[in-house]
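Visitor: This is the structure I want to talk about, given as structure tokens.
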Number of protein chains: 2
Amino acid sequence: MQNFEYYNPTRIYFGTGEIAKLENAVPKDKRVLIIYGGGSIKNNGVYDEVLSALSNHDTHDFSGIEPNPEYETCMKAVKYIQANNIDFVVAVGGGSVIDATKFIVAAAYFEGEPWDILTKGAEIKKALPFGCVLTLPATGSEMNINSVISRREFNKKLPFANEKVFPQFSILDPETTYTLPSRQVANGVVDAFVHVIEQYLTYPQDAPLQDRFAEGILQTLIEEGEKVLAKPDDYNVRANIMWCATLALNTLISKGVKSDWATHMIGHELTAIFGLDHAQTLAIILPSVMNYKRDKKAKKLSQYAERVWQADKNLSQDEKIDFAIAKTRQFFETMGNHTYLKAYDIDQSKLPLVLENLQDNNMVSLGEHQDITLEDSQKIIEMSYDH
Amino acid sequence: MQNFEYYNPTRIYFGTGEIAKLENAVPKDKRVLIIYGGGSIKNNGVYDEVLSALSNHDTHDFSGIEPNPEYETCMKAVKYIQANNIDFVVAVGGGSVIDATKFIVAAAYFEGEPWDILTKGAEIKKALPFGCVLTLPATGSEMNINSVISRREFNKKLPFANEKVFPQFSILDPETTYTLPSRQVANGVVDAFVHVIEQYLTYPQDAPLQDRFAEGILQTLIEEGEKVLAKPDDYNVRANIMWCATLALNTLISKGVKSDWATHMIGHELTAIFGLDHAQTLAIILPSVMNYKRDKKAKKLSQYAERVWQADKNLSQDEKIDFAIAKTRQFFETMGNHTYLKAYDIDQSKLPLVLENLQDNNMVSLGEHQDITLEDSQKIIEMSYDH
């Protein structure tokens, strides 16, 4: 096991009715900006619950955060915060709203051009405190320091991470997810699943507990993911998926081990170029990464096949790997995601743009061994186009 | 799944050489009290590592914390802190030293009789900040808010828990455990194992992820526990046990589910009356609790038998339960712990004192259903005396 530092001070309020806890979770003397996306929280009652809990607070509104949140939109929120002396933010939504909020609270106090936070890793000295009301389990953003911001004018989708943007608290009420479109629910399951895979499916690292925690999340997502499509109103199924998605990326399972993240890095560029959902890109790229790196990942792929998919122990290693990849594709397809680019009518002639973006963003040595070069990424993308 | 709140802000520094991080983890302007137990940290080099990391700090010493830390000893440390204007504490040791430190940092600012913290749940308004250097993986105290303090003059061993006594940080260097006596290593494995069982082995609660995390810790402790006796100098084995013991009781696996803790409550009184090691009492009581509550725990016992001990799925439920109990006893015995009181030459005529203590401490409705009465505890203790 490698040395590590683990720190996660986000307080989680989990369960039905917990949105009411906002009243005491947000200090009474704060000027509060509620940041959200489109109007879905106004239709499903969540917005009213939030306002009701904050009825004794001075609240302000900022809406319009997009999926794959846009830099320009974030900067409008920053201006609103500065003009109105906002000193606490509540993000109400899914990963996009929370990611945007992280950037906004960091940019609000930033001296200089906040774009440098994303492109140059500029130091964040101070950030506004914020909490979350999660309505879409998927990205884990509610309990980590990560954020990804897009800037369409430049075809860019860039990450940053900083301890100063830990949510102070996150409220996870599984009932807020009942009204999600099934595509978003399924995408969330796939997203969380691939987050775990990126941290787990590497090579044996003498860290058996991290392996078993990862396998436990994967198994639970498979079982509950299939159930949620059949029984969308089952509270416990919703609750289990929500808790899985948070623990998939609150950094616990990655401690002491090297992670991969190649699928995400390539996937981000597919979203930037073609506008595919984040989960769609993961479902397409991951099986190809598994196949392309099947030799270096062989031991972990076999373990994954046996423990997560109950592969027959008597199969050969290659058979186990083929079985694991086939089961993974089948699971993604059950969750409504295609596993080849062609299914989304992608213009094949534009694939080189993905490579250009990877190069521009210096994504030239990906994976747990940093041995996935641009040429390798090209092959992975080609394998991902069609059967 | 039940509603829950999860919060754990302790920063973990994990790995070889991490004790050097003390230098920056403790604010430079603090007057620091180093609290420890006997002389073992002076013999194995840990004390020197701590002093070296804190060479630019104003440090003071308080030694002599006992196993099952004693109230009177803690109060001596409180007096030292008050007399010397100590404003930061570093606990160096195992669960006893850390538990003692939690009580000491709470008592240091307490107005009135600190014994009331333990007997009356008196409010703790403020506590000194502290960090830990863990040298004995077992109790999980390094990443939670729990503490158990003994007062031998009254035959009492009482717990308290308060968010104000979260360690600010804990340093976990597996190499500090190389010089532990094998009995303490084995006891630590048993202790962590039973911590997990108390949170897991109840009844199905629609919380599959919590189950799989618990099973993952149990399986890892079984595998690594057997290895550590054979290969005491294997760094990864030590590291895996250390991380398991912390995660066994940092409260994560108990979130959203009801826990048992009957074995611990009865075990504490066996330590108070007979002076048995904490782990020894758990290894004795747990198999009897499993057997006595085999009907109400049947589903979880079967799941435990299948998933943790690979019981044949074709066995009957009763056979699976017998198998699980036998495997548990066998594991404890492999780890050097007897599973019957008689093996420790306990005076059988004194067993009623255990019941008296349970009654005095109001431990009259134990277990996840709070249905273990004093009469039930009496039967469990009788079953635990001999085959």
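What follows draws every value from the coordinates through simple rules; no lab data is involved. Values in this document were obtained by computation on a predicted structure and should not be read as measured data. We place every Cβ from the backbone using ideal geometry, glycine too, and count neighbours over all the protein chains shown.
Visitor: Being more than 14 Å from every other protein chain (Cβ to nearest Cβ) and either charged (D, E, K, R) or surrounded by fewer than 18 Cβ atoms within 10 Å (Cβ to Cβ) (or both) is true for just one of B:G17, B:G39. Which residue is that? Even if it seems obvious, please write down each step before you answer.
Guide: Values: B:G17 fails: more than 14 Å from every other protein chain (Cβ to nearest Cβ).
Exactly one of B:G17, B:G39 is more than 14 Å from every other protein chain (Cβ to nearest Cβ) and either charged (D, E, K, R) or surrounded by fewer than 18 Cβ atoms within 10 Å (Cβ to Cβ) (or both), namely B:G39.
Visitor: Out of segment B:20-36, which residues are away from chain A (no Cβ under 14 Å) and over 26 Å from B:P181 (Cα atoms)?
Guide: B:E23, B:V26, B:P27, B:K28, B:D29, B:K30, B:R31, B:V32, B:L33
Visitor: Out of A:T139, A:T179, A:T135, I need the residue that is out of contact with any helix residue (DSSP H, G or I) (no Cβ under 6 Å at 6 or more places or on another chain), of a type in the set (V, I, T) and under 27 Å from A:I104 (Cβ atoms). Which one?
Guide: On the way: A:T139 fails: out of contact with any helix residue (DSSP H, G or I) (no Cβ under 6 Å at 6 or more places or on another chain); A:T135 fails: out of contact with any helix residue (DSSP H, G or I) (no Cβ under 6 Å at 6 or more places or on another chain).
Being out of contact with any helix residue (DSSP H, G or I) (no Cβ under 6 Å at 6 or more places or on another chain), of a type in the set (V, I, T) and under 27 Å from A:I104 (Cβ atoms) holds for just one of A:T139, A:T179, A:T135, which is A:T179.
Visitor: Okay, next question. Looking at segment A:351-387, which of its residues are in a loop (DSSP other than H, G, I, E, B) and in contact (Cβ under 8 Å) with a residue 40 or more places away in the chain?
Guide: First, the residues of segment A:351-387 that are in a loop (DSSP other than H, G, I, E, B): A:361-365, A:367-371, A:373, A:384-387.
A:N361, A:M363, A:G367, A:E368, A:H369, A:D371, A:S384, A:Y385, A:D386, A:H387, listed by residue number.
Visitor: Filter segment B:225-240 down to the residues that are at the interface with chain A (Cβ under 8 Å from one of its Cβ atoms) and crowded, with 23+ Cβ neighbours inside 10 Å and list them by number.
Guide: Selection gives B:A239, B:N240.
Visitor: Among the residues of segment B:199-224, which ones are β-branched (V, I, T) and within 8 Å of chain A (Cβ to nearest Cβ)? Steps first, answer last, please.
Guide: The first filter runs over segment B:199-224 and keeps only residues β-branched (V, I, T), leaving B:202, B:217, B:220, B:222.
B:I217, B:T220 - these are the residues of segment B:199-224 that are β-branched (V, I, T) and within 8 Å of chain A (Cβ to nearest Cβ).
Visitor: For segment A:293-310, check the following and say yes or no: at least one residue is crowded, with 16+ Cβ neighbours inside 10 Å, in contact with a strand residue (DSSP E or B) (Cβ under 8 Å, 6 or more places away or on another chain) and closer than 30 Å to A:N68 by Cβ.
Guide: Yes: segment A:293-310 contains one or more residues that are crowded, with 16+ Cβ neighbours inside 10 Å, in contact with a strand residue (DSSP E or B) (Cβ under 8 Å, 6 or more places away or on another chain) and closer than 30 Å to A:N68 by Cβ.
Visitor: Does A:T373 satisfy being of a type in the set (S, T, Y) and over 19 Å from A:S259 (Cα atoms)? Walk me through it before giving the result.
Guide: On the way: of a type in the set (S, T, Y): yes; over 19 Å from A:S259 (Cα atoms): no.
It is false that A:T373 is of a type in the set (S, T, Y) and over 19 Å from A:S259 (Cα atoms).
Visitor: Also: Could you please find all residues in segment B:343-387 being at positive phi and within 23 Å of the chain's Cα centre (by Cα)? Before the answer, list the steps.
Guide: Here is the first cut: in segment B:343-387, the residues at positive phi are B:345, B:362, B:367, B:370.
Of everything in segment B:343-387, those that are at positive phi and within 23 Å of the chain's Cα centre (by Cα) turn out to be B:N362, B:G367, B:Q370.
Visitor: Taking B:K126 as the residue in question, decide whether it is over 15 Å from B:L172 (Cα atoms), charged (D, E, K, R) and in a loop (DSSP other than H, G, I, E, B).
Guide: Numbers: over 15 Å from B:L172 (Cα atoms): yes; charged (D, E, K, R): yes; in a loop (DSSP other than H, G, I, E, B): yes.
Against the criterion (over 15 Å from B:L172 (Cα atoms), charged (D, E, K, R) and in a loop (DSSP other than H, G, I, E, B)), B:K126 qualifies.
Visitor: Run down B:I145, B:I171 and say which single residue is within 14 Å of chain A (Cβ to nearest Cβ), surrounded by 24 or more Cβ atoms within 10 Å (Cβ to Cβ) and closer than 19 Å to B:T101 by Cβ. Write out each step before concluding.
Guide: On the way: B:I145 fails: surrounded by 24 or more Cβ atoms within 10 Å (Cβ to Cβ).
Of the residues listed, the single one that is within 14 Å of chain A (Cβ to nearest Cβ), surrounded by 24 or more Cβ atoms within 10 Å (Cβ to Cβ) and closer than 19 Å to B:T101 by Cβ is B:I171.
Visitor: Moving on to the next point. Can you tell me which residue among A:W243, A:W261 is over 18 Å from A:K299 (Cβ atoms), of a type in the set (F, W, Y) and more than 14 Å from chain B (Cβ to nearest Cβ)?
Guide: Result of the check over A:W243, A:W261: A:W261.
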